[in-house]
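Note sheet for the following structure.
The values are calculated or read from the model by the stated rules, or taken from the named source; none is laboratory data. Note that the structure is a prediction, hence the values are computed from the model and not measured. Here the Cβ is made from the backbone with ideal geometry for all residues, glycine too, and neighbour counts use every protein chain on show. These accessible areas exclude ligands, DNA and RNA; they are computed on the full protein's heavy atoms, side chains included. Shrake-Rupley method; radii C 1.70, N 1.55, O 1.52, S 1.80 Å.
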Amino acid sequence: ALDAFLRELLAPYAAEDGGTLVIEGDDAVFDDQAATPVALLFHELAHMWLGDTVTLTEWNDIFNNEALASYAAWLTADDPARNFSVVYRGMAEQQEFWAPSLSNPGADHLFERVYDRGPTAVQAVRVRMGDEAFFSMLKAWAQQSGSRSLEQFRQHADAATPEDLTGFFTAWLDGTTRPEATKDNGVA
């Protein structure tokens with residue numbers, strides 16, 4: 001059922017079969033404390049498209065893999081707008097949460113905020129673009145093969161909507177403070 005939802009969301013996977021092996025015990029592949037088991041499994045399955053088919057060009061492009069796979073999990077685990085609100089409003093005063101930037105987190109912060117701020121930024125771009133343009137863009141992105149940079153993701157999303165997303169991406173990906181609560185920033 002999870003893979004069927006992903007095929008509908010991201011289009012058919014390039015290979016005929018795919019899956020994930022979950023090992024219980026001390027040598028577990030997934031940390032069962034990190035998220036609900038279904039959301040975690042969904043995140044890892046989403047990597048078949050967003051991480052295996054579309055790979056990163058350099059480590060700073062990790063948003064393309066982890067933020068998008070985390071957002072795919074948001075689509076199954078709960079209401080993405082609710083998750084957005086929990087993060088955006090709940091972490092409003094936490095300056096350390098909003099820094100460093102998602103586009104250049106540095107080696108020490110590479111795998112920190114991409115799992116929570118990352119999908120928050122993806123939900124914001126969805127709101128800014130609208131569902132039809134966003135899901136069409138996401139599906140087309142997931143069908144590309146090979147290495148893609150974060151800059152290419154920005155260009156791909158910008159080309160998928162008549163909206164100019166330059167300021168949006170500057171606020172969400174390059175900024176080191178919480179993006180302002182504006183329509184242009186995808187905050188309803």
Exactly one of ASP158, ASP164 is part of a helix (DSSP H, G or I) and of a type outside the set (Gly, Ala, Ser), and that residue is ASP158
Those residues of region 64-118 which are of a type in the set (Gly, Ala, Ser) and either within 25 Å of ALA140 (Cα to Cα) or open to solvent by less than 20 Å² (accessible area, probe 1.4 Å) (or both) amount to ALA67, ALA69, SER70, ALA72, ALA73, ALA77, ALA81, SER101, SER103, GLY118
Contact list, first residue from region 118-146 and more than 18 Å from PRO80 (Cα to Cα), second anywhere and among the aromatic types (Phe, Trp, Tyr), beta-carbon distance below 7 Å, six or more apart or interchain, is TRP141/PHE153; ALA142/TRP49
Scanning region 137-150 for residues that are under 27 Å from PRO100 (Cα atoms), open to solvent by 30 Å² or more (accessible area, probe 1.4 Å) and either of a type in the set (S, T, N, Q) or in a helix (DSSP H, G or I) (or both) gives SER147
If we keep only residues of region 153-168 that are modelled with pLDDT of 95 or more and open to solvent by 70 Å² or more (accessible area, probe 1.4 Å), then the residue farthest from LEU110 (Cα to Cα) is PRO162
Screening ALA181, ALA171 for residues that are modelled with pLDDT of 95 or more, in a loop (DSSP other than H, G, I, E, B), of a type outside the set (Lys, Arg) and surrounded by 12 or more Cβ atoms within 10 Å (Cβ to Cβ) leaves only ALA181
If you go through PHE134, PHE153, the only one that is in contact with a Lys or Arg (Cβ under 6 Å, 6 or more places away or on another chain) and either assigned to a loop (DSSP other than H, G, I, E, B) or not acidic (Asp, Glu) (or both) is PHE134
The number of residues in region 151-180 that are of a type outside the set (S, T, N, Q) and within 18 Å of SER101 (Cα to Cα) is 15
Item to complete: Could you tell me whether any residue of region 128-140 is closer than 20 Å to TRP59 by Cβ and either out of contact with any helix residue (DSSP H, G or I) (no Cβ under 9 Å at 6 or more places or on another chain) or of a type outside the set (D, E, K, R) (or both)?
Response: no
When ILE62 is run through (1) modelled with pLDDT under 90; (2) over 21 Å from LEU41 (Cα atoms), the failure sits at (2)
